[in-house]
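Read the figures in this text as sums done on the coordinates, not as results from a lab. All values reported here derive from a predicted model rather than from experimental measurement. Neighbour counts are summed over all protein chains in view; Cβ atoms, including those assigned to glycine, are modelled from backbone coordinates with ideal geometry.
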Amino acid sequence: MRKALFILIALFFRQNGFSQTIITIADGNFSDSAIWNCGCAPLPTHNLVISHNLILDTDYSSMGYITVNAGATLVGDSSRTINSSGGISVTGLLEAGTFNLLDSTFLNTGTIHIYDTFYVALNSTYTMNSAWALGGSYAYNTGTINLTGGGGIYAHKMHNHGNIYNASGGSAFGCLFNFSTFINDGVFNVADTIYNKGIFTTNTEISFGTIFNGDASTSATFINNHNITVYHNLVNYQTMDGSGAYCIAENSSNFGSVNGTLNICDATGLGFDVNTGTIAGTVSFCSSPCTWFLNTEEIQSTAISVFPNPFSNVIHFQTEVENNYSITILNSLNETILQTNFTGNSYTLDSSLLPGGIYFYCLSDNMTTINGVLVK
């Protein structure tokens, strides 16, 4: 509501011509009237031209246009917030705790560093043609983000409810939540997990920790036209398509449809560990084997049986070798829900309280770890 009111006020001032351009004449604090050619502190309606090194010593909401020229800096700490509804251009350096782009445009050919939250509102556009270091914990897009040039986005969590086009030299997220359209033609990786509930397309080689494509009730399409490395698990509930390849280091499950000419290879070397969906006849399995994540000698050295699968009240683990083992059970969000240790070559785990769903297990003897998929 406050953001909507701010935009309405901004439109009023634009239509009634209350904008004045003020220019920096010296380094100093942003709110210091002595560093501006008007002899005044910046007002929300001012157009700002920054050609010096400024410390952002106050929060600022702008209805005018902000320009940070090459060689200039506008630097605030993690407590500072900038709201822009008049537009902004950065060829220098901008730092703040939070930046909200509201019904506006942001052209960046310099560097920005947001410590906490970067928000791109509906009807707003962020365009990057150079380096952008977004070191914050949260980036949220409901507008349009275009990434080109040599830089990229860096954020712990990225939520996309708008449109993102990445052709940049390097973008990385801890987790990516895609609810709309994301097209990748650049350098890109997700260290932890991508939750795709929209349309995700990649035409270049990328990597993920874990991929969840859709869920039982949400339509989603994951299109891969190159090579994808998955360091942990892949779970498909909806549609996978494309002409690329997947190398999956641990577990893979398909409950939706797999189309196109994809080549899928996981740690078993046999394609999907669990499949209750549909797979087109044009899809291949391990036609180009991925051996980088496998130590075949170690994996084959310890035979293991896990049953029943699907399970109900108990899960039995049986190994050929007596040893000290640890068992970890993870849910479909890769969260640890059970963990225990045993000595010997067999163990029965009480699973009666687990709700129905997909689970992953890790059995380790401190030398070897074996992973698998369980269904209840």
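Brief remarks follow.
- For Ile145, distant residues with modelled amide H under 5 Å away: Tyr126, Asn163, Ile164, Tyr165
- Each residue, Ser79 and Cys38, gets one label point 7 Å from its Cα in the Cβ direction; the gap between the two is 2.6 nm.
- Shape box of the range 144-233 [Cα atoms, principal axes, largest first, Å]: 38, 28, 26
- Under-5 Å amide H pairs with Tyr65, H placed in peptide plane, nonlocal only: Asn47, Leu48
- From phi via Karplus (6.51, -1.76, 1.60), per-residue ³J(HN,Hα) for the range 221-234 in Hz, x at Gly/Pro: 10, 10, 10, 10, 10, 8, 10, 10, 9, 10, 7, 10, 10, 10
- Cα gyration tensor category, rounded, prolate or oblate, for the range 48-142 with a/c compared to 1.5: rounded
- Of interest is the spacing of the C-alpha centroids, which for the range 45-59 and the range 184-248 amounts to 41 Å.
- Computed lengthening from Ser180 to Thr276, 0.36 nm per intervening residue step minus Cα-Cα distance: 31.9 nm
- The order of the peptides 83-95, 117-129 by mean Cβ neighbours within 10 Å, most packed first, is 83-95, 117-129.
- Each residue of the range 271-276 is assigned a 3J(HN,Hα), and the resulting list reads x, 5, 5, 10, 9, 10 Hz, derived from the Karplus form 6.51 cos²θ - 1.76 cosθ + 1.60 (θ = phi - 60°), x at Gly and Pro.
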